[in-house]
Amino acid sequence: MTRPLEGIRVLDFTQFLAGPVATLRLSDLGARVIKVEHHEQGDLTRKIYAPQLNLDGVSAFFQAINRNKESLRVNLKNAEDYALISRLVAASDVVVHNFRPGVMNRLGLDYDTLKSSNPTLVYGEISGYGADGPWRHKPGQDLLVQALSGLTQLSGAESDGPVPMGLAIADYLAGSQLVQGVLAALVSGEGTRVEVSMLEAILDFQFEPLTLFYQDGEPVSRGEQNPAHSLVAAPYGLYQTQNGYLALAMGSITALAELFACEPLKAYADPSRWFELRDPIKKILAEHLNTQTTEHWLGILEPADIWCAPVLNWRELVEHDGIKALSMLQSVTNSRGFEYQTTRCPIRFNNEPLTSSLAAPALGEHSDAIKQESVKEAPHGAQR
Amino acid sequence: MKLPLEGLTVLEFSQYLAGPYAGLRLADLGARVIKVERPGAGDACRKSATKNLWADGDSVLFHTINRNKESFTANLKDPDDLERVRRLVAQADVMTHNFRPGIMDRLGLDYDSVYELNPSIVYGEVSGYGESGPWRDRPGQDLLAQSVSGLTWLSNTADKPPTPFGIAVADMLCGTHLAQGILAALVQRRRSGQGSKVSVSLLESILDLQFEGLTVFLNQGQQLPQRSAVAGAHVYLGAPYGIYPTADGHIALSMGSLETLCRALGCTGLETFDTPQAQFDHRDHIKAHLSEHLRTQTTRHWLSVLEPEGYWCSDVLDHQRLTEEEAYQVLEMEQTVSRGDTVSLRTTRCPIRINGEKLFSSRAAPVLGDSTESITKEFSL
């Protein structure tokens with residue numbers, strides 16, 4: 001299958017997660033991604049985590065984020081390496097970076113400089129908090145962006161205090177938005193500068209609660225009982241059963257009261273009060289559901305078309321036929337022959353999943369090949 | 001300013017959040033997005049209000065997701081309306097839908113049929129769990145997708161029940177991936193002239209979000225990660241990573257040198273935990289110790305000793321305090337959208353900047369069917 005971005009070349013100066021997750025998507029969609037790495041330590045995510053998380057001597061995070069890319073090891077202070085980068089930049093379709101404000105200018109690799117030699121270049125930049133304002137020099141780190149953005153007030157119960165989302169959501173979202181901006185620019189065919197900050201991305205993620213806040217100025221209220229979403233009425237939540245947990249999405253309390261023959265629930269017959277009274281309603285449900293197994297309840301709820309699901313952990317998930325049917329996992333192999341399992345691109349084209357068997361590169365693995373190729377290559381403008 | 005997607009027409013048969021969120025992003029990037037809605041009712045989101053907030057008969061939620069779009073009504077069960085829709089599809093660049101499997105086939109609006117009408121169209125499809133397998137017909141709902149995906153075991157502390165993300169994260173990511181796929185297909189179409197079908201599902205999207213953790217899990221004997229007992233923030237990160245109570249609020253501590261941190265805080269007793277592995281293995285002990293110490297002073301005090309040391313930390317804000325910050329205000333993340341004299345509401349803007357410009361749009365979500373007549377004329381339907 002021809003991948004949609006075949007023929008597009010991306011020069012990737014980013015490290016950590018936000019930028020590299022964007023270029024991972026571009027590579028899975030068919031672009032060739034050249035990861036430009038510092039000549040000594042490379043992308044810091046190769047090494048910064050606990051060694052327990054390593055795969056083949058490199059962090060599993062790095063292995064997940066940087067598969068299907070080439071690694072070019074350079075010292076930008078070395079004239080020969082700098083000349084190579086200049087040639088590559090002139091011949092690339094996309095450049096992305098996540099350096100602090102000013103760094104690319106000092107290197108002569110800022111957008112205004114590059115567009116004169118490559119007018120159709122799409123130039124993507126990721127920052128923590130944008131280029132202006134008092135936070136522009138703050139570290140653009142995921143937990144801090146979550147903490148500052150109000151996001152930690154949305155999950156868990158009110159009495160839990162601030163609860164961050166347990167993965168690097170701000171990084172992931174910023175990278176995702178960058179992909180959209182870069183691709184839109186490629187659709188237009190015009191040279192474009194695309195900027196995304198982690199803070200703007202995580203505010204966009206909260207567009208629903210923020211828009212409500214702009215209207216009424218009220219703080220988010222998560223409730224105490226089986227909390228799942230601060231804005232949704234009972235029964236929405238996860239409930240403990242005899243052998244696990246059961247998820248109930250939106251649904252009728254009256255219907256549940258009937259199905260379960262649950263007398264105390266029948267007192268809550270007015271749908272307009274299921275939001276306001278969500279805690280007492282969920283408390284009754286929680287006590288009732290704790291008396292039987294998850295399978296027992298699913299056996300009653302599913303035939304009645306009540307929106308429900310078992311709450312699975314990763315082990316239960318990967319053993320389930322529901323995920324096997326999606327073929328969401330894939331094996332990748334590196335040049336040393338080391339193989340590991342990871343996920344594939346979540347987007348399917350013409351009914352085909354986009355898979356790739358290439359693992360993450362060793363630091364500088366493709367340097368020689370890229371250097372040789374670059375010597376032969378004409379500048380970008382001459383190809384078209 | 002000329003926007004990158006100007007000149008492209010998107011037909012949005014999608015309802016609720018995932019598909020319309022993709023449509024919103026395409027609209028903000030310059031596309032013309034036409035919602036194709038049922039006469040009388042329209043997108044079911046119009047009537048599903050959160051906190052009972054409404055604007056001119058439509059929920060504020062609907063307004064949030066559907067600003068900057070037009071509305072065309074058609075009854076897809078009526079042969080004449082369906083024929084008009086087919087003529088519209090023949091002239092569009094993109095269409096999206098999130099109907100249950102089989103419905104578009106029965107209407108003759110499945111990809112193969114649409115391809116006959118318009119081979120260059122990009123056809124986007126959203127489902128809950130993909131087009132095959134035992135979960136195919138399950139309701140494609142956000143909390144349920146979160147629940148089966150394992151995501152609920154990543155947030156909060158170990159003593160707490162599984163904790164979902166308090167936002168419709170599967171919907172939002174699925175919409176994001178849909179927009180990515182559609183845009184990639186449009187890039188390809190520039191060169192080949194051919195369209196394609198792009199499919200995404202809530203489950204694949206919410207698994208992609210967990211790709212880092214899943215990669216650790218899959219290659220380490222499928223050992224389930226444990227949430228931290230104290231200041232839970234990330235199952236695979238060691239101390240001090242987390243959010244801690246202080247004398248008057250909270251403080252977020254990112255990764256960094258524990259030695260630097262303790263020196264700046266004046267906190268002793270953790271000297272032996274001097275490797276990343278020890279800081280991971282003994283994170284609960286370290287975090288409990290830090291937590292006791294951090295309660296003794298205000299957030300401002302701790303920030304004032306940590307920031308000069310370059311230690312990565314921050315205050316923990318709610319929406320009220322966030323929106324009072326100058327750093328928030330300079331972003332100009334808010335905009336007012338309006339609809340005649342009947343709607344004027346504040347919402348967020350597109351988070352992407354193009355050529356140094358923020359993208360604003362003042363057009364509120366459409367009245368149901370407000371462009372039916374003009375679109376009928378314009379496209380000769």
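Some values worked out for this structure:
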item: Failed criterion for B:Gly269 (all others in (1) assigned to a loop (DSSP other than H, G, I, E, B); (2) under 11 Å from B:Pro240 (Cα atoms) hold); result: (2)
item: Residue check, A:Glu158 within 25 Å of B:Gly249 (Cβ to Cβ), more than 7 Å from every other protein chain (Cβ to nearest Cβ) and of a type in the set (Asp, Glu); result: yes
item: Yes/no for A:Ile8 being over 24 Å from B:Thr176 (Cβ atoms) and of a type outside the set (S, T, N, Q); result: no
item: Any hit, region B:136-149, residues being on the phi > 0 side of the Ramachandran plot, in contact with a strand residue (DSSP E or B) (Cβ under 7 Å, 6 or more places away or on another chain) and modelled with pLDDT under 95; result: no
item: Those residues of region B:171-183 which are more than 7 Å from every other protein chain (Cβ to nearest Cβ) and in contact with a Ser or Thr (Cβ under 6 Å, 6 or more places away or on another chain), in sequence order; result: B:Leu173, B:Cys174
item: Looking only at region A:111-150, and only at residues there that are acidic (Asp, Glu) and surrounded by fewer than 18 Cβ atoms within 10 Å (Cβ to Cβ), the one that is nearest to the other protein chains (Cβ to nearest Cβ); result: A:Asp132
item: Selected residue (only one of B:Leu224, B:Leu265, B:Leu270 is at pLDDT 95 or above, facing chain A (nearest Cβ under 9 Å) and farther than 22 Å from A:Val145 by Cβ); result: B:Leu224
item: Of all residues making up region A:321-353, the number that are closer than 18 Å to B:Asn219 by Cα and not hydroxyl-bearing (Ser, Thr, Tyr); result: 13
item: Candidate set: region A:161-171, residues that are over 20 Å from A:Leu212 (Cβ atoms) and facing chain B (nearest Cβ under 7 Å); chosen: the one surrounded by the fewest Cβ atoms within 10 Å (Cβ to Cβ); result: A:Gly161
item: Flag for B:Val60 being over 18 Å from the mean Cα position of the chain (by Cα), modelled with pLDDT of 95 or more and either buried (at least 19 other Cβ atoms within 10 Å of the Cβ) or aliphatic (A, V, I, L, M) (or both); result: no
item: Residue among A:Ala309, A:Ala304 that alone is within 14 Å of chain B (Cβ to nearest Cβ), part of a loop (DSSP other than H, G, I, E, B) and modelled with pLDDT of 95 or more; result: A:Ala304
item: Subset of region A:148-167 [of a type in the set (Gly, Ala, Ser) and out of contact with any helix residue (DSSP H, G or I) (no Cβ under 6 Å at 6 or more places or on another chain)]; result: A:Ser155, A:Gly156, A:Ala157, A:Ser159, A:Gly161, A:Gly166
item: Which listed residue, of B:Arg106, B:Arg138, is more than 22 Å from A:Cys345 (Cα to Cα) and facing chain A (nearest Cβ under 8 Å); result: B:Arg138
item: From B:Leu381, B:Leu368, B:Leu331, residue being within 8 Å of another protein chain (Cβ to nearest Cβ) and either in contact (Cβ under 8 Å) with a residue 12 or more places away in the chain or part of a loop (DSSP other than H, G, I, E, B) (or both); result: B:Leu331
item: Residue check for B:Ser304: over 26 Å from A:Ser221 (Cβ atoms) and either in a loop (DSSP other than H, G, I, E, B) or modelled with pLDDT of 95 or more (or both); result: yes
item: Candidate set: region B:4-17, residues that are within 11 Å of B:His97 (Cβ to Cβ) and not in a loop (DSSP other than H, G, I, E, B); chosen: the one farthest from the chain's Cα centre (by Cα); result: B:Leu11
item: Members of region B:146-161 that are more than 7 Å from every other protein chain (Cβ to nearest Cβ) and part of a loop (DSSP other than H, G, I, E, B); result: B:Thr157, B:Ala158, B:Asp159
item: Test for B:Arg191: is it at pLDDT 95 or above and surrounded by fewer than 24 Cβ atoms within 10 Å (Cβ to Cβ); result: no
item: Residue match in region A:253-263 (condition: among the hydroxyl-bearing types (Ser, Thr, Tyr) and farther than 18 Å from B:Phe211 by Cβ); result: yes
item: Selection within region A:45-86 - at pLDDT below 95, touching a helix residue (DSSP H, G or I) at 6+ places or on another chain (Cβ under 7 Å) and more than 14 Å from every other protein chain (Cβ to nearest Cβ); result: A:Leu76
item: Residue list for region B:274-297, restricted to those being exposed (fewer than 14 other Cβ atoms within 10 Å of the Cβ) and touching a helix residue (DSSP H, G or I) at 6+ places or on another chain (Cβ under 9 Å); result: B:Asp274, B:Thr275
item: Scope region A:183-195; condition in contact with a helix residue (DSSP H, G or I) (Cβ under 7 Å, 6 or more places away or on another chain) and either crowded, with 24+ Cβ neighbours inside 10 Å or within 7 Å of chain B (Cβ to nearest Cβ) (or both); matching residues; result: A:Leu183, A:Ala184, A:Leu186, A:Val187, A:Gly189, A:Thr192, A:Arg193, A:Val194
item: Among the candidates A:Gln180, A:Gln153, residue that is buried (at least 24 other Cβ atoms within 10 Å of the Cβ) and either under 19 Å from A:Arg25 (Cα atoms) or free of Cβ contacts under 8 Å to residues at least 12 places away in the same chain (or both); result: A:Gln180
item: Condition met for A:Met250 (at pLDDT below 95 and more than 7 Å from chain B (Cβ to nearest Cβ)); result: yes
item: Among the candidates B:Asn75, B:Asn66, residue that is at pLDDT 95 or above, of a type outside the set (A, V, I, L, M) and under 21 Å from the mean Cα position of the chain (by Cα); result: B:Asn66
item: Selection from region A:211-227 of residues that are in contact (Cβ under 8 Å) with a residue 12 or more places away in the chain and facing another protein chain (nearest Cβ under 8 Å); result: A:Leu212, A:Pro219, A:Val220, A:Arg222, A:Asn226, A:Pro227
item: Selection count where residues are of a type outside the set (Gly, Ala, Ser), at the interface with another protein chain (Cβ under 7 Å from one of its Cβ atoms) and not in a loop (DSSP other than H, G, I, E, B), scope region A:319-328; result: 1
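Let's see how each residue does on (1) buried (at least 20 other Cβ atoms within 10 Å of the Cβ); (2) over 30 Å from B:Tyr129 (Cα atoms); (3) without any contact (Cβ under 8 Å) to a residue 24 or more places away in the chain:
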position: A:Glu263; (1), (2), (3): no, yes, yes
position: A:Ala267; (1), (2), (3): no, yes, yes
position: A:Leu277; (1), (2), (3): no, yes, no
position: A:His296; (1), (2), (3): no, no, no
position: A:Ile300; (1), (2), (3): no, no, no
position: A:Ala309; (1), (2), (3): yes, no, no
position: A:Trp314; (1), (2), (3): yes, no, yes
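The values are calculated or read from the model by the stated rules, or taken from the named source; none is laboratory data. As the structure is a prediction and not an experimental result, all values here were calculated from the model. Positions of Cβ are generated from backbone atoms using ideal geometry, with glycine treated the same way; all protein chains shown enter the neighbour counts.
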